[in-house]
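To keep things clear, I will list the structure first and then write my remarks on it.
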Amino acid sequence: MKLPLYQVDAFTGRVFTGNPAAVVLLEEPLPGETMQKIAIENNLSETAFVIPRGEAYPLRWFTPALEIDLCGHATLATAFVLFNERLAGTDEVRFDTKSGRLSVRQDGDLLKMDFPSRPPEPVEVSDLLVEALGTRPREAHLARDILALFDTPDEVAALAPKFHRFAELGAFAVMATARGSDVDFVSRFFAPRAGVNEDPVTGSAHCTLVPFWAARLGKRVLHARQISRRGGELFCEDRGDRVTLGGRAVEYLRGEITI
């Protein structure tokens, strides 16, 4: 069986930056075990599998370690591929996923995703979190992931986590964040339990970061930057129980895989 494969850098307009995702176009569902093996072979933070048919296209995401419930950059990459290869003349695509119905629409050079909001609740800054991050955050909050709040972008940029300690925290991942200078906020995202020590740009993290910073800053429309080594930017809006996450994408390669 031969399957079309695309690799797209998401949340950026330039190759070699943003977050690379693989997108595999399917005609029929594949066994989960096969999709996991493809994700391991691709060795990217996520590989997306989509079946482009019906009112809402089935979409699943796999890291090299496991299937996940929500992925922003691979959804953005999938929409980018479909708009360019299968959906010429349309400006919106809908997906059925483990996190429910998601949609992506074109708005100029931005792709804007409609995602669920996951606001966090305050929790204690544990000694284990301090040890894992290597320094003490000002505050900690919890949704699916732990949000660690710092005072400055420089503190976030300087983090050198002890990734082997993250499995003991109990949460899926940890995001570190601070108010920005030329953007509203910055972040980094660590997910060793998913096989990704640091994710370059993480859409799903912003399901928590956007409502958190919207409340802190008193504004609904936010400009964010993830300050990983590759880096990327997001154009966000808090809409109550939903968030809009916008970004650009660029194709890096296309090919065909044989299984």
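Computed from the coordinates by the stated procedures, all read-outs in this text should not be read as laboratory data. Fair warning: this is a prediction, and the values are worked out from it, not measured in the lab. Don't worry about glycine lacking a Cβ; one is built from the backbone with ideal geometry, like all the others, and counts go over all protein chains shown.
Please list, ordered by chain and number, the residues whose modelled amide H lies under 5 Å from the amide H of residue 198; skip anything fewer than 5 residues away on the same chain.
191
I'd like the Karplus ³J(HN,Hα) series for segment 214-224: coefficients 6.51, -1.76, 1.60, θ = phi - 60°, whole numbers in Hz, and an x wherever there's a Gly or Pro.
Listing the rounded values in order: 4, 5, 5, 9, x, 9, 8, 9, 9, 10, 10 Hz.
Taking only Cα atoms, what is the 0 to 90° angle, nearest 10, from helix 72-85's long axis to the longest principal axis of the chain?
For 72-85 against the chain, the angle is about 30 degrees.
What pairs from 2/98; 37/162; 2/162 go past 31 Å between their alpha carbons?
Numbers: 2/98 26 Å; 37/162 28 Å; 2/162 40 Å.
2/162, as the Cα separations exceed 31 Å there.
Can you list residues whose amide H is under 5 Å from residue 185's amide H, if they're 5+ apart or on another chain and H is modeled 1.01 Å from N?
180, 223, 225
³J(HN,Hα) across segment 253-259 via Karplus (A = 6.51, B = -1.76, C = 1.60, θ = phi - 60°), whole Hz, x for Gly/Pro?
Couplings: 7, 9, x, 8, 10, 10, 10 Hz.
With θ set to phi - 60°, apply the Karplus curve 6.51 cos²θ - 1.76 cosθ + 1.60 along segment 17-28 and write out the HN-Hα couplings as whole Hz, x wherever there is a Gly or Pro.
Coupling constants for segment 17-28: 10, x, 10, x, 10, 8, 10, 10, 8, 10, 9, 9 Hz.
Considering only C-alpha atoms, what is the centroid distance from segment 202-259 to segment 124-189, in Å?
17 Å
Once amide H atoms are placed 1.01 Å from N in the peptide plane, what residues at a sequence separation of 5 or more from residue 142, or on another chain, have their amide H within under 5 Å of its amide H?
121, 123, 147
Among residues other than residue 121 whose Cβ falls under 14 Å from its Cβ, what is the net charge (Lys/Arg +1, Asp/Glu -1)?
Values: positive: 118, 144; negative: 124, 139, 145.
That sum, taken over residues with Cβ under 14 Å, equals -1.
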